[in-house]
Amino acid sequence: MTGAGKTTFISKVTGRTDLEIGHSLTSCTRDIQVIETKIDGQSVSFVDTPGFSDTHMSDTEVLQLIADYLAAAYKRDMKLSGIIYLHPISDTRVTHHATKNLQMFQKLTGEKNLKNVVLATSMWDKVSPDEGAAREQELKDKFWKVLIAYEAKALRYAGTTESAQRMVSQMLANNKPFYLQLQEEMGKDNKALRDTAAGREVMVELERLKNEHRREVKEMEEMLRHSAEENRTVVEALKEHYHGRLVELEKTLRDERTMNEEAVRALTNRIEDLESRGTCDVM
C-alpha cells in the first residue's frame with residue numbers, strides 16, 4: 001500500500017540516503033525505481049513500484065507501469081528472487097483499499113509464487129507491543145490466511161538496516177528465481193493485459209466505480225433540480241460536488257477505454273513500444 005514504507009525499506013537495506021521518501025498524505029513513488037547494492041557478496045537489485053490505490057495514479061496506470069517493467073525484464077530473462085509486501089502495523093483497521101490492494105497483488109503474483117513472498121509488517125515503533133501483536137494476529141488469521149496457506153511468510157520488519165538485510169538474505173538463500181504470473185500470462189500465453197488475472201481484477205473494479213459514479217452523478221442532478229434557488233451556498237456546494245463526480249466518472253471511463261485498447265497489444269507490441277521510446281532498459 002501507499003505509505004507502507006517501501007522506499008524507506010530500500011533506503012535502509014541499501015544504505016542509499018538519496019531516495020525520495022514520502023512524509024505526507026500523498027504518494028511519493030510516481031515511477032519504478034531500481035536500486036542496486038551488495039548483500040552477502042551478491043549483487044541485488046530492488047524494484048520499488050507505486051502501490052495500488054495510489055494518490056496520483058489509478059490502478060490501471062499502476063498496473064500498466066508494472067506490466068511495462070515486467071515485459072522488459074521478461075525479454076531479458078530477468079527473474080525475481082522474492083517479493084516483500086509491506087503493511088504498516090500502525091494502521092488501526094484494514095480498509096477497502098488495503099483489501100483490494102492485496103487482491104491485486106495476489107493476482108499479479110500468482111498462487112504458485114506466494115511461497116516466495118514475505119508479508120512484512122512495518123512501523124512497529126508506532127504501536128505498543130500488545131497492540132501490534134493483536135493486529136498482527138488478526139492479519140494472519142483473517143486477511144493473510146490464504147496467502148500463508150500458500151506458504152507466504154509473515155515477518156516483522158523492525159525498521160533497521162539489520163532487520164531489512166536479514167529478511168533479504170533469507171529470501172536469497174531459500175528462493176528459486178521465478179517469473180510472476182503476470183509475466184507468464186503476457187509472455188508464454190500472449191494475453192493482453194486486460195485478460196490477465198490482474199487485468200481482470202482491474203476491469204471488475206472499473207465496472208464497479210463506473211456504476212457508482214453514474215449513480216452519484218444522477219443523484220446530484222436530482223438534488224440540484226430540487227434545490228432552493230435562494231440558498232446559493234447549498235447550490236454552489238452541490239455544483240462543486242457534482243463537477244467532482246463528473247471528473248471521477250470521466251477518469252474511470254478513460255481507464256476503461258485504455259484497458260480495452262490494451263487488448264490489442266500483445267507482449268511483443270508492448271516491448272516494441274518500450275524500445276521505440278528508449279525505455280526498455282530495466283536497470
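The values are calculated or read from the model by the stated rules, or taken from the named source; none is laboratory data. This is a predicted model, so every value here is computed, not measured. These accessible areas exclude ligands, DNA and RNA; they are computed on the full protein's heavy atoms, side chains included. Shrake-Rupley method; radii C 1.70, N 1.55, O 1.52, S 1.80 Å.
Dividing the summed -39500 (n - 2.57) terms of all DSSP H runs of n ≥ 4 by the residue count of the chain sets its mean residue ellipticity at 222 nm at -17000 deg cm²/dmol.
In plain terms, if you count all Cα to Cα distances in segment 73-128 and split them into 10 Å steps from zero, the share in each step is 19, 43, 28, 9, 1 percent. Once the 1.4 Å probe is applied to the protein heavy atoms, the chain comes out at 54 Å² accessible per residue.
Relative to its Kirkwood radius, the Cα radius of gyration of the chain gives an Rg/Rh of 1.02.
Rounded to the nearest whole Hz, the Karplus-based 3J(HN,Hα) values (6.51 cos²θ - 1.76 cosθ + 1.60, θ = phi - 60°) of segment 196-201 follow the sequence 7, 4, 5, x, 5, 5, with x at glycine and proline. Report in % the part of the accessible area of the chain that belongs to carbon and sulfur, leaving out ligands and nucleic acids; probe 1.4 Å. Taking all protein chains in place, the chain shows 49 percent carbon and sulfur surface. From zero up to wherever the largest Cα-Cα distance of segment 85-243 sits, split into 5 Å bins and tell me the percent of pairs in each. Final binned percentages: 2, 7, 13, 13, 13, 12, 10, 8, 8, 6, 4, 3, 1, 0, 0.
Residues in segment 133-148 carry Karplus couplings, in order, of 4, 5, 5, 4, 5, 5, 4, 5, 7, 10, 7, 9, 4, 5, 4, 5 Hz; the curve used is 6.51 cos²θ - 1.76 cosθ + 1.60 with θ = phi - 60°, and Gly or Pro positions show x. Looking at the chain, the DSSP beta bridges with both ends there are about 45 percent antiparallel. Of Lys6/Lys239; Lys112/Lys140; Lys112/Lys251; Lys153/Lys251, which ones are farther than 30 Å apart at the Cα? Listed pairs above 30 Å: Lys6/Lys239; Lys112/Lys251; Lys153/Lys251.
If the segment from Asp130 to Asp195 were pulled out straight at 0.36 nm per residue, it would be longer than the present Cα-Cα gap by 19.0 nm.
For segment 71-85, the Karplus equation 6.51 cos²θ - 1.76 cosθ + 1.60, evaluated at θ = phi - 60°, returns couplings of 5, 5, 5, 4, 4, 8, 6, 9, 9, 8, 9, x, 10, 10, 9 Hz by residue, with Gly and Pro reported as x. For segment 43-105 versus segment 143-194, the inter-centroid distance based on Cα atoms is 11 Å.
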